[in-house]
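Colleague: Quick one: the structure is below, and I'll ask about it shortly.
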Amino acid sequence: MANDSKSDKLTARLVEILMKFNQGERVSVQSVMDEFQISRSTAQRDLRRLEACGATKQGKLYSMDPILLGHSPTKGMKQRFIQLGLVDLFPNFDQAYKATFNSNGQSPYLFKNVRVEDGTDYRRSFHELTLAIQKQQLCKITYKKQQYNPIQPYRLINDRGVWFLAALHQNTLKLFRMSKVSQALRTSQSFELNPKVKQQIEQLAIRNIHDEATTVVLKVDGDIANHFLDTELVPDQRVLKQLEDGSLIVSSEISSYKQIIPAIKYWLPDVEVVSPVELREQVRLELQLIVDKL
């Protein structure tokens, strides 16, 4: 396990440095040390590995020729990427290589705690979303058998080997696990990137994404049912049933109670937590604390 962890960290560092080269940036041993919090000898070894891929050194600075980055990998380059463990990160290496190093803007990919997931089942959707991100095109996707149309795709994020799409849907930033995306289609419409959303994605803490999601079931009073029918007010919201009195049974998938408690508080007393019991109790306790302070 320790060796796997070292390999994952090495791969993540090499990918990030290659992304910098693609943007025309140059790095030094010291800048690599500072950014990744590693020793001088480790930074030097990383840069020697990249020299074997075509990076060059001038004085204390390393860079890579844009011409080299802009062409399909030669047999030697691809072999080196295989040795570095970068090839299997992508469902289709050749397409991903071109998308990454032919891009004039930012790369469509963002890596966090890299490992490897089998992306065979969503290869076509992955490629379609890669192009949509590069061309800033609106998309429609089918996620967990539900349609999301339109979405603004921003980045494909690899967290511990699992791919996620970060996209805006109804002005809300959402993460879609690629293995749950059964279809992705680009539209002819374009959109403007929001710098604040880009920053939010890059600072995104997704350490809990892999945890098993908790399903929350809510009962929504008929007086506010239209709000829940018109808009997604809780994460991954689904209307399970509309009762005869106009109230709704709604489900939500969350990885932390913090994702849903503020919404529950906002809509009280017209929203009731049906399950899990632990969440209902936590909401009750928080409300009790508020009352006690009055």
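Colleague: Just to confirm a number: summing +1 for Lys and Arg and -1 for Asp and Glu over residues other than Gln136 whose beta-carbon lies under 13 angstrom from that of Gln136, what do you get?
Modeller: +3
Colleague: List the extent of the Cα atoms of region 214-293 along each of their three principal axes, largest first, rounded to whole Å.
Modeller: Extents along the principal axes: 37, 26, 20 Å.
Colleague: What's the FRET efficiency of Lys219 with Lys9 using the Cβ-Cβ distance as r and R₀ = 45 Å, to the nearest 0.05? Mind dumping the intermediate values first?
Modeller: Values: r = 46 Å, r/R0 = 1.02.
Efficiency, rounded to the nearest 0.05: 0.45.
Colleague: Could you work out how much longer the chain between Lys258 and Gln242 gets when fully extended? Use 0.36 nm per residue separation minus the Cα distance between them, nm to one decimal. List each step's numbers first, then the result.
Modeller: Values: separation 16, 0.36 × 16 = 5.76 nm, distance 2.63 nm.
Full extension of this stretch gives 3.1 nm more.
Colleague: By how many nm would the segment from Leu285 to Glu232 lengthen if fully extended, with 0.36 nm per residue of separation less the alpha-carbon distance?
Modeller: Numbers: separation 53, 0.36 × 53 = 19.08 nm, distance 2.60 nm.
Here the answer is 16.5 nm.
The numbers here are math on the coordinates, done by the rules we state, and not lab data. Bear in mind the structure is a predicted one, so any value in this text is a computation, not a measurement. As a convention, Cβ positions derive from the backbone with ideal geometry for all residues, glycine included, and neighbour counts pool all protein chains shown.
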